[in-house]
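Note sheet for the following structure.
The values are calculated or read from the model by the stated rules, or taken from the named source; none is laboratory data. Note that the structure is a prediction, hence the values are computed from the model and not measured. Cβ sites come from the backbone with ideal geometry, for glycine too, and all protein chains shown count toward neighbours.
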Amino acid sequence: MSKTKPSAHSHAHHVSRMSGRDPHQGHRAATPLELLFDLTFVIAFGLAASQLAHLLAEGHFNAGLIGFGFASFSICWAWVNFSWFASAYDTDDWVFRIVTMVQMVGVLILAVGLPPMFDSIDKGEHLNNSIMVLGYVVMRVAMVFQWLRAAHQDPLRRRACMTYAAAIAIAQLGWTVLIFLDFSLLTTFVFVVAFTAAVGATVAARHCTRGPLGARRAARRSSARDRPDGRRRRPSSLSAPRMSCRNSRGSVD
C-alpha cells in the first residue's frame with residue numbers, strides 16, 4: 001500500500017508550536033493575513049481623517065487636531081503591538097489566524113468609537129472613549145492569549161513572554177480606568193501617553209534581548225515594502241525608521 005505524502009495545504013490546518021522565529025531569517029515578508037489585518041487600520045485612519053476634515057471645515061481646529069492626534073496614537077499603538085508579536089511568533093496556523101481575526105474585530109470596534117470621541121472633544125466634555133476601550137479590550141484579550149501561548153510553548157523565553165502578557169494587561173487596565181474617572185481632556189491625554197510609553201519602554205528595555213523579535217522586519221512592515229511572495233517593493237522616498245535591539249552578545253539584530 002502506497003502512502004501519500006501530506007501536502008503543504010494539509011499542514012496549514014494543524015497547530016504549530018510557537019518556538020520563535022529566527023530574527024536573522026531572510027525574506028520575512030508580510031503574510032496575506034497581516035496585509036488583511038492592516039486593512040482594518042486603513043478603515044480606522046479613514047474614519048479619523050473624515051472626522052478631522054469635518055471639524056476643520058467648521059473651523060474647530062483645536063478639537064480636530066487633538067482628536068486626530070489621540071486617534072492616531074490609539075490606532076498606531078494597537079498596530080505596533082500586533083506586528084511586534086507577529087515578527088517573533090507568527091506560526092500562521094489556524095489558532096493564530098482565528099485569534100488575529102478576533103483582533104481585527106477589535107480594530108473595527110475601535111474605529112466605530114472614533115466619531116463619539118471626536119464629538120466629546122469638540123464639546124469639551126468628558127472624553128467619550130468607551131467604545132474605543134471596548135475595541136482595545138477585544139484586541140488585548142486576544143493579544144494576551146497569544147503571549148501566554150508563546151510562553152507555554154517556548155520555555156526558553158517564557159519569562160519574557162509572561163512579562164509582555166502582564167504589561168499588556170496592566171496597560172489595558174489603565175485604559176479601562178479612563179471610562180469611569182472624570183478627568184479633563186489634558187489629564188486624560190497625559191495619562192494615556194505617559195502610562196503607555198512607560199510600560200512599553202520598560203518591557204522593551206528589559207526583554208528586547210530575550211525574544212526572537214525582528215525589529216527590522218517590523219520597521220519594513222510599517223513602510224509596506226514587503227510583499228507576500230517574499231520580494232521587496234521598490235523603496236519610496238520615505239524610508240522606514242531604523243530600529244535595533246542588541247542581543248545577549250552585544251551585536252545588533
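Worth a mention:
- Residue match in segment 33-54 (condition: at pLDDT below 90, in contact with a Ser or Thr (Cβ under 9 Å, 6 or more places away or on another chain), within 30 Å of Ala150 (Cβ to Cβ) and buried (at least 16 other Cβ atoms within 10 Å of the Cβ)): yes
- Residue in segment 57-70 that is in contact with a Phe, Trp or Tyr (Cβ under 9 Å, 6 or more places away or on another chain) and under 19 Å from Arg140 (Cβ atoms) present: yes
- Matching entry among Gly69, Gly135 (being part of a helix (DSSP H, G or I), under 18 Å from Leu39 (Cβ atoms) and either free of Cβ contacts under 8 Å to residues at least 12 places away in the same chain or not hydroxyl-bearing (Ser, Thr, Tyr) (or both)): Gly135
- Taken as a whole, the structure places Phe96 among residues that are under 22 Å from Ala151 (Cβ atoms), at pLDDT 90 or above and in a helix (DSSP H, G or I).
- Residue among Tyr164, Tyr136 that is within 23 Å of Ser50 (Cβ to Cβ) and at pLDDT below 95: Tyr136
- Only one of Val107, Val112 that is buried (at least 23 other Cβ atoms within 10 Å of the Cβ) and of a type in the set (Val, Ile, Thr): Val107
- When the test is whether a residue is at pLDDT below 70 and part of a helix (DSSP H, G or I), Ser10 passes it.
- Extreme residue, nearest to the chain's Cα centre (by Cα), among residues of segment 73-93 that are among the β-branched types (Val, Ile, Thr) and part of a helix (DSSP H, G or I): Val80
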